[in-house]
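Okay, structure first, notes after.
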Amino acid sequence: MADPTPAPDARSAARPLGVSRPDLAVTDLPTPEEVFRVRRIGPRELFRYALGPSLIALGISIGSGEWLLGPQAVGQYGFEGVGWIIVVSAALQTLYNIECARYVMATGEAPVVGWGRVPPGWILWVPLSVLVVIFAFIAGGWAASAGQGMYALVHGEVPGKDAEEPRLWAIALLVVVFLIAAGARRVSRALELANWAMIGAILIGLLLLCLFVVPFGLWWDGVKGFVTPAAPPDGITATEIGGLAGFTALASGLNWYVMGHYRDKGYGMGHRAGFIAGLRGERVKLLPSGVTFPDDAENAALWRRWYRLLLADMWGVFFVGAMLGMLLPTILMARAVELSGAKPTQADVPTFVASALDAEYGRWLFYLALLLGVLVLFTTQLGIFEAMVRVTTDAAHATSPRLRALLEGDPRRLYYPFMLVLLVVIAVVLHLALPVSLVQWSANMSNLGALIYPFLLMYLNSRLPRAARPRPWHYAVLVLNFLFFGFFFVNFVADFVGDPLVTF
């Protein structure tokens with residue numbers, strides 16, 4: 001895709017990009033060693049310092065899709081015709097994430113700010129993008145499901161259909177998220193460390209549990225279902241498949257809402273742009289507009305180093321973790337269906353596995369399964385709740401000079417009060433429907449983003465410095481995201497107002 005705007009000379013003070021936003025300042029890329037304060041980036045430094053933003057995305061990933069929608073679909077319909085959709089969705093989303101992070105690394109701007117550079121400008125795209133994210137996730141199904149698991153963990157029994165206490169636990173867990181963010185020096189770093197601990201415990205615990213209770217035949221069925229294309233099973237609806245596709249890995253077209261963490265981590269030009277500090281941290285200047293690098297050989301070489309770190313983070317952590325995070329819960333659910341002779345429903349899927357294991361193996365596996373489920377859903381709760389606040393804060397701080405003056409340049413003065421307001425709103429909303437139906441709503445709403453944001457990314461990334469621009473096949477991948485996830489959203493709307501486009 002050609003760049004209609006001539007690139008500025010490396011010595012120029014600014015680089016124009018898009019419309020309605022200030023030109024990007026131009027300065028050299030930092031080295032990874034400078035950012036992470038190490039002498040060299042070897043394997044130890046890679047894991048200790050450089051990897052991390054994808055963990056926050058993975059924490060959200062191993063949650064509503066992997067613990068609820070995927071196991072529910074497999075529990076009801078089996079692996080055939082379902083598993084391959086999971087793999088396609090995860091691969092497309094990983095490639096899409098890389099394109100979102102490309103823009104962040106090259107400009108130091110969070111995606112919600114970058115959308116404001118696309119014609120007709122920020123007055124359309126920035127408020128619309130904030131509303132889409134809030135609308136998609138305000139339902140709170142991820143919080144309500146975690147509350148169900150906490151209730152069962154505390155009381156040793158599955159909650160009743162209309163029980164109030166699980167909702168109170170969900171609200172309490174939202175308060176825990178607020179406390180984690182408030183107690184941080186740098187919010188992104190606190191989320192990384194929390195996810196390192198919880199995801200490690202989740203994957204190790206699930207692996208050991210599956211090795212203990214799942215026979216080899218079910219392992220093979222799961223793996224085979226992932227790699228064997230087949231028609232969707234009889235009885236499943238395209239809306240259910242859309243929910244599964246939308247929340248496999250992360251949130252399809254809305255994945256960009258988490259990619260701003262690459263700025264706060266200091267990837268590429270993010271190191272020059274600043275970050276959102278925690279209440280315990282020192283005040284840090286967050287630039288309202290981005291910074292990019294000159295088109296020269298030295299910066300092109302540095303860009304390639306940063307891009308390799310991004311690929312390692314996305315494919316080595318996010319994609320592999322998402323695949324394990326979907327395989328292990330789905331084969332565990334398949335085993336639970338075998339043991340119980342029943343199939344999970346929207347009402348009982350958060351605790352279905354624990355109940356089945358309790359009947360067959362005793363209370364210790366009941367509690368272990370519940371604990372893993374609570375951790376899985378809490379990582380989702382942690383990431384989604386914080387991300388809604390982050391997207392709103394980034395958007396408002398970047399686009400309103402008057403607000404920046406009111407905040408005295410400190411985005412924390414908006415970030416934390418808005419988090420409390422959002423907590424209250426979600427506490428009200430999660431009383432309105434069953435947790436899994438709320439999650440399916442959010443998942444299909446996330447597919448709406450696939451109709452919009454791939455094209456916005458094409459516009460922005462085609463105008464980056466030459467070294468950072470995508471290759472032609474990257475644009476083809478973005479079109480595939482549009483076609484794959486966009487179809488499911490269109491079907492969701494058709495199903496909501498009348499008849500679905502496709503039935504099986």
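Using alpha carbons only, how many angstrom separate the centre of the range 287-358 from the centre of the range 112-151?
19
Calculate the spin-label point distance for Glu33 paired with Ala14, positioning each point 7 Å from the Cα along the beta-carbon direction, and give it in nanometres.
Placing both labels 7 Å beyond Cα along the Cβ direction yields 3.5 nm.
Let me have the 222 nm mean residue ellipticity of the chain computed from DSSP H runs of 4+ only, each contributing -39500 (n - 2.57), with the sum over all residues rounded to the nearest 500.
Working: 23 runs with 319 residues, N = 504.
My calculation for the chain gives -20500 deg cm²/dmol from helical runs alone.
Give me the dipole magnitude in Debye, nearest 20, for the range 26-497 about the Cα centre, with unit charges on the beta carbon: positive for Lys and Arg, negative for Asp and Glu.
Values: 34 positive and 31 negative charges, 347 e Å.
Using only the charged Cβ atoms, the result is roughly 1660 debye.
Run through every distinct alpha carbon pair of the chain and return the Kirkwood hydrodynamic radius in angstroms, one decimal place. Walk me through the numbers before you get to the answer.
Values: mean 1/r = 0.0437 Å⁻¹.
Roughly 22.9 Å, rounded to one decimal.
What list do you get for Tyr257, Tyr361, Tyr77, Tyr267 if you sort them by fewest beta carbons within 10 Å? Kindly include the intermediate steps, with their values, before the conclusion.
Working: Tyr257 30, Tyr361 15, Tyr77 19, Tyr267 27.
By the 10 Å Cβ count, ascending, the order reads Tyr361, Tyr77, Tyr267, Tyr257.
Can you grab the distance from the C-alpha centre of the range 451-497 to the C-alpha centre of the range 70-105, Å, no decimals?
Result: 15 Å between the Cα centres.
Of the options Phe275, Pro294, Val19, report the single residue whose Cα projects farthest towards the positive end of the charge dipole of the chain (beta-carbon charges: Lys, Arg +1; Asp, Glu -1).
Selected residue: Pro294.
Straight-line reach from Lys265: which aspartates and glutamates have a Cα under 20 Å away, not including same-chain ones fewer than 8 places off?
Partners found: Asp28, Glu33, Glu34, Glu45, Glu99, Glu109, Glu192, Glu282, Asp313, Glu386, Asp394, Asp410.
Let me understand the range 353-427 better: what is its radius of gyration from the alpha carbons, and its Dmax, in angstrom?
19.8, 62
Ranked from highest to lowest mean number of other Cβ atoms within 10 Å per residue, what is the order of the peptides 493-503, 392-402?
Numbers: 493-503: 12.8, 392-402: 19.5.
Ranking, from highest mean packing down: 392-402, 493-503.
Once a ≥ b ≥ c are taken as the square roots of the eigenvalues of the Cα gyration tensor of the range 97-223, is the result rounded (a/c under 1.5), prolate (a/b larger than b/c) or oblate (a/b not larger than b/c)? Intermediate results must be reported in sequence, preceding the final value.
Values: a/c = 2.02, a/b = 1.53, b/c = 1.32.
Here the range 97-223 falls in the prolate category.
Can you put Phe137, Phe47, Phe36, Phe492 in order of Cβ neighbours within 10 angstrom, beginning with the fewest? Let's see the in-between values first.
Details: Phe137 30, Phe47 14, Phe36 18, Phe492 25.
The most exposed by this proxy come first: Phe47, Phe36, Phe492, Phe137.
Quick one: if the Förster radius is 60 Å, what FRET efficiency do Arg185 and Ala230 give, using the C-beta to C-beta distance and rounding to 0.05? Kindly include the intermediate steps, with their values, before the conclusion.
On the way: r = 49 Å, r/R0 = 0.82.
FRET efficiency, Arg185 to Ala230: 0.75.
Taking Cα pairs under 8 Å and at least six residues apart, what relative contact order does the range 26-497 come out at, in percent?
On the way: 813 pairs, mean separation 162.9, N = 472.
So the answer I get is 35 percent.
A short reminder: the numbers here are calculations on the coordinates, not readings from a lab. As the structure is a prediction and not an experimental result, all values here were calculated from the model. Positions of Cβ are generated from backbone atoms using ideal geometry, with glycine treated the same way; all protein chains shown enter the neighbour counts.
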